[in-house]
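Contents: one structure, followed by commentary.
The values are calculated or read from the model by the stated rules, or taken from the named source; none is laboratory data. No experiment lies behind these values; they were computed from the predicted model shown. Cβ placement follows ideal geometry from the backbone for every residue including glycine, while neighbour counts extend to all protein chains displayed.
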Amino acid sequence: MLRRVHEKKKLQLGIGFGAGILFGFLLQKGGVTNYDVILGQLLLTDFTVVKIMLSAMITGMVGVYLLRSLGLAALHPKPGSFGSTVIGGLLFGVGFGLLGYCPGTLAGAVGQGALDAFLGGIIGILIGTGLFAQFFPTLEKKILNKGFWGEVTWPELLRVNPWGLILPITLGISLLLFWIETSGR
Amino acid sequence: MDWFMMERWSPYVVGVGIGVLSWITFFLSDKPIGCSTAFSRTSGMLERLFRGDRVKEKAYYKKFSPEVDWEWMLVLGVFLGALISALLSGSFRIIWVPSRWESAFGPSFSLRWVVSLIGGVFLGFGARWAGGCTSGHGISGTLQLAVSSWLAAICFFIGGIFTALMLYRP
């Protein structure tokens, strides 16, 4: 791993910024910084969002696991629990449906001139994250750790070699995308 | 250059591009792509302007310090990258109300504003509750085969599809 590069703070801020520019550029070219495209996905009439997410996922998975096998990258899976992942995920989904952007595409939507994203979404998300910080101590005590399973990955959970999952998942998702494509969505 | 001026790219080109970008961030920065903590940190920074340094004592801001970090720069970059892409293709447009919204609920900005504000609150609250968003869980987490992220991504879409279908019910 490039530990010496990872430790250079200013360089890292620059890399983060550069990666963000590429990410925003790609999201905009993919059309997912548009409310209409995201709502099309949630109303199940336009599968652009799913096509982008799944092709990013399988591409990323093969490369990142390969880098890891070569000792050039480490994984950082997020911990999870029923109380945090499921309840938080559903609350996020409600916001996703009402706003029609997610945090990343929201920043991109502002970049292409959407004022509902800027004046509604950005202000709302800042209020929402602020409220969460306020309620965090109570939520942590009462809900977030219910049904905690930690930073587990599928290969660890199933006790198999990661490549024994990566290959069938890649094949399965490719077939799913092919099916979506042939059904004309 | 023509290619950069196109308004839309194939979703598969975009998806593969984002996947390759994740190789780069894991390799060069030891970080997965994610967007929601940047908003959390910004919220803490704004609160600090009003309430001073005691904001840093909040338990949540001890975990996610209210300062500019890698992910914050990433989100700033997303804004700029989308702006560049939109300017190159001529798709930059100031819009108050998206067209799909307008055809269902009319051109009123105040209605769209209230709903997007409430949506934003849920989005920010839910993202930090679940520990990630559509990029951190939905792409970076699923590609690491993290169990939590697969479940989170499914819940994002269950909540989103349910809400959108309710909103646009005929």
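Residue A:149 meets each of the listed conditions (1) more than 30 Å from residue B:90 (Cβ to Cβ); (2) modelled with pLDDT of 95 or more apart from (2). If you go through segment A:94-108, how many residues are more than 7 Å from chain B (Cβ to nearest Cβ), in contact (Cβ under 8 Å) with a residue 60 or more places away in the chain and more than 21 Å from residue A:44 (Cβ to Cβ)? Counting residues in segment A:94-108 that are more than 7 Å from chain B (Cβ to nearest Cβ), in contact (Cβ under 8 Å) with a residue 60 or more places away in the chain and more than 21 Å from residue A:44 (Cβ to Cβ) gives 0.
Listed here are the residues, each with its yes/no results for (1) touching a residue at least 24 places away in the same chain (Cβ under 8 Å); (2) out of contact with any helix residue (DSSP H, G or I) (no Cβ under 6 Å at 6 or more places or on another chain); (3) buried (at least 23 other Cβ atoms within 10 Å of the Cβ).
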{"site": "B:110", "(1), (2), (3)": "no, yes, no"}
{"site": "B:116", "(1), (2), (3)": "no, no, yes"}
{"site": "B:133", "(1), (2), (3)": "yes, no, yes"}
{"site": "B:139", "(1), (2), (3)": "yes, no, yes"}
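Answer yes if at least one residue in segment A:2-10 is surrounded by 20 or more Cβ atoms within 10 Å (Cβ to Cβ) and either in contact with a helix residue (DSSP H, G or I) (Cβ under 6 Å, 6 or more places away or on another chain) or under 27 Å from residue A:150 (Cβ atoms) (or both), and no otherwise. Checked against the condition, which is being surrounded by 20 or more Cβ atoms within 10 Å (Cβ to Cβ) and either in contact with a helix residue (DSSP H, G or I) (Cβ under 6 Å, 6 or more places away or on another chain) or under 27 Å from residue A:150 (Cβ atoms) (or both), segment A:2-10 yields no hits at all. Please state which of the following conditions residue A:75 fails to meet, knowing it meets all the rest: (1) surrounded by fewer than 20 Cβ atoms within 10 Å (Cβ to Cβ); (2) without any contact (Cβ under 8 Å) to a residue 12 or more places away in the chain. Looking at each condition in turn, residue A:75 falls short on (2). When residue A:47 is tested against the conditions (1) in contact with a helix residue (DSSP H, G or I) (Cβ under 6 Å, 6 or more places away or on another chain); (2) buried (at least 24 other Cβ atoms within 10 Å of the Cβ); (3) of a type outside the set (A, V, I, L, M), the lone failure is (2).
Taking residue A:170 as the residue in question, decide whether it is out of contact with any helix residue (DSSP H, G or I) (no Cβ under 8 Å at 6 or more places or on another chain) and more than 8 Å from every other protein chain (Cβ to nearest Cβ). In short, no. Is it the case, given these coordinates, that residue A:45 is polar (S, T, N, Q), assigned by TED's automatic domain parsing to the domain that holds residue A:176, out of contact with any strand residue (DSSP E or B) (no Cβ under 6 Å at 6 or more places or on another chain) and part of a loop (DSSP other than H, G, I, E, B)? Against the criterion (polar (S, T, N, Q), assigned by TED's automatic domain parsing to the domain that holds residue A:176, out of contact with any strand residue (DSSP E or B) (no Cβ under 6 Å at 6 or more places or on another chain) and part of a loop (DSSP other than H, G, I, E, B)), residue A:45 qualifies.
Within segment B:91-105, residues that are among the charged types (D, E, K, R) sit with their Cβ atoms under 7 Å from residues that are in a helix (DSSP H, G or I), at 6+ positions apart or across chains, in these pairs: B:100/A:35; B:100/A:36; B:100/A:39. Checked against the criterion of being assigned to a helix (DSSP H, G or I), without any contact (Cβ under 8 Å) to a residue 12 or more places away in the chain, among the aliphatic types (A, V, I, L, M) and over 27 Å from residue A:34 (Cα atoms), the candidates B:20, B:55 yield just one match: B:55.
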